[in-house]
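Peer 1: Sharing a structure with you now.
None of the figures in this text is laboratory data; all of them are computed from the coordinates on show. A quick note: this is a predicted structure, and the numbers were derived from the prediction, not measured. Cβ placement follows ideal geometry from the backbone for every residue including glycine, while neighbour counts extend to all protein chains displayed.
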Amino acid sequence: MEFLEPTLLLVLALVAFVAGFIDAVAGGGGMLTVPTLLSLGLPPHIALGTNKLAATFASSTAAFTYYRKRLFKRDAGVEPLFQL
């Protein structure tokens, strides 16, 4: 298994923070992370999977934060499947 050089890890960390900020503000952070991962030599399926995993954790964290701070109405937007 090959290990990345410390400078490459620093670049990855920097791109991840910038992409996370962009993703939180406007969305589309994957447009930075995927090309960065591909330019480091990762195969496309690994780069896309890594990006999807990061997006899943980001969405889950945001949903949990909204739930914990009660920033939404529980029944808003949910239609009953049938009426009793």
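Peer 1: Grab the Cα-Cα distance for PHE72 and ALA16, subtract it from 0.36 nm times how many residues apart they are, and report the gain in nm with one decimal.
Peer 2: 17.3 nm
Peer 1: How much length would be gained if the chain were fully extended between LEU40 and LEU8, taking 0.36 nm per residue of separation minus their Cα-Cα distance, in nm to one decimal?
Peer 2: Numbers: separation 32, 0.36 × 32 = 11.52 nm, distance 0.81 nm.
Extra length from LEU40 to LEU8 when fully extended: 10.7 nm.
Peer 1: Still on this structure, I have one more. Filter the chymotrypsin sites (Phe, Trp or Tyr not before Pro) in the stretch 1-49 down to the DSSP loop ones having no more than 14 other Cβ atoms within 10 Å, then list what survives.
Peer 2: PHE3
Peer 1: Here's another thing I want to ask about it. Given N residues in the stretch 1-73, what is Rg(Cα) / (2.2 N^0.38 Å)?
Peer 2: Working it through for the stretch 1-73, the quotient is 1.28.
Peer 1: Where does the stretch 22-62 land on the Kirkwood hydrodynamic radius, alpha-carbon pairs, in angstrom? Intermediate results must be reported in sequence, preceding the final value.
Peer 2: Values: mean 1/r = 0.0954 Å⁻¹.
So the Kirkwood estimate lands at 10.5 Å.
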